[in-house]
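Read through the structure below, which is laid out as structure tokens, and then see the notes.
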Amino acid sequence: MIARHGGGWLAWRDRRAVARIIGLALPAAARDVRYVRWQASRDLAYYEAVIRFSCSKEAYLEFIRARDMTPFSVTGPNLYLPTSWEAAPDMQPLPWWTPAPDTPPDAASAAVGSDGSIVAKWESGHTYVMVTDTGHRTGP
């Protein structure tokens, strides 16, 4: 099952869908929001998502702070970074998903639930975000 960005007059729905995926409203400055959310089956909680939106580097840095993500320059190699920045094979081809394969120092990561992850980086005016969520949550 794949959910994709609608664009055009449905752009407000894209922002809401992305906010649910990342657990935070997009920065007000975010434009040209695109996403794909892939889930093998409605019976499984597991999903993967790739998200791209245009914004300034300052808006990106505020986004990773607000989402409580830790920059790669602080953590160094960890469970989530570096990554290949490739969308899952079931999502491809995505002509708008064009991040370079490198993981810059200001790329950032965080856990999602107990076994999932979110990674992000800013490149050439775009923020690229990848989310993997197992559907498992940590206790209160």
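The values are calculated or read from the model by the stated rules, or taken from the named source; none is laboratory data. Source: prediction; values computed, not measured. So basically every Cβ, Gly included, is an ideal-geometry build from the backbone, and we count neighbours across all protein chains shown.
For residues that are part of a loop (DSSP other than H, G, I, E, B), within 20 Å of Ser54 (Cβ to Cβ) and either in contact with a strand residue (DSSP E or B) (Cβ under 7 Å, 6 or more places away or on another chain) or among the aromatic types (Phe, Trp, Tyr) (or both), tally how many sit in segment 74-129.
11
So the check is Cβ under 9 Å with 6+ separation or different chains; which pairs have a first residue in segment 75-88 that's exposed (fewer than 13 other Cβ atoms within 10 Å of the Cβ) and a second one that's of a type in the set (A, V, I, L, M) and at pLDDT below 90?
Taking only residues 6 or more apart or on different chains, not a single pair turns up.
Only one of Ala30, Ala100 is at pLDDT below 95, more than 12 Å from the chain's Cα centre (by Cα) and closer than 16 Å to His126 by Cβ. Can you tell me which?
Among Ala30, Ala100, only Ala30 is at pLDDT below 95, more than 12 Å from the chain's Cα centre (by Cα) and closer than 16 Å to His126 by Cβ.
Applying the selection to segment 1-27, what residues are at pLDDT below 65, more than 19 Å from Ala87 (Cβ to Cβ) and surrounded by 12 or more Cβ atoms within 10 Å (Cβ to Cβ)?
Scanning segment 1-27 gives a single hit, Ala11.
Output the residue which, of all residues in segment 38-63 that are part of a strand (DSSP E or B) and among the aromatic types (Phe, Trp, Tyr), is nearest to Ala25 (Cα to Cα).
By that ranking, first place goes to Phe53.
Pairs only if they're at least six apart or on different chains, beta carbon under 9 angstrom, first in segment 32-44 and more than 13 Å from Met130 (Cβ to Cβ), second exposed (fewer than 15 other Cβ atoms within 10 Å of the Cβ) and of a type in the set (Asp, Glu); list them, first residue then second.
Close Cβ pairs satisfying both conditions: Ala40/Asp90.
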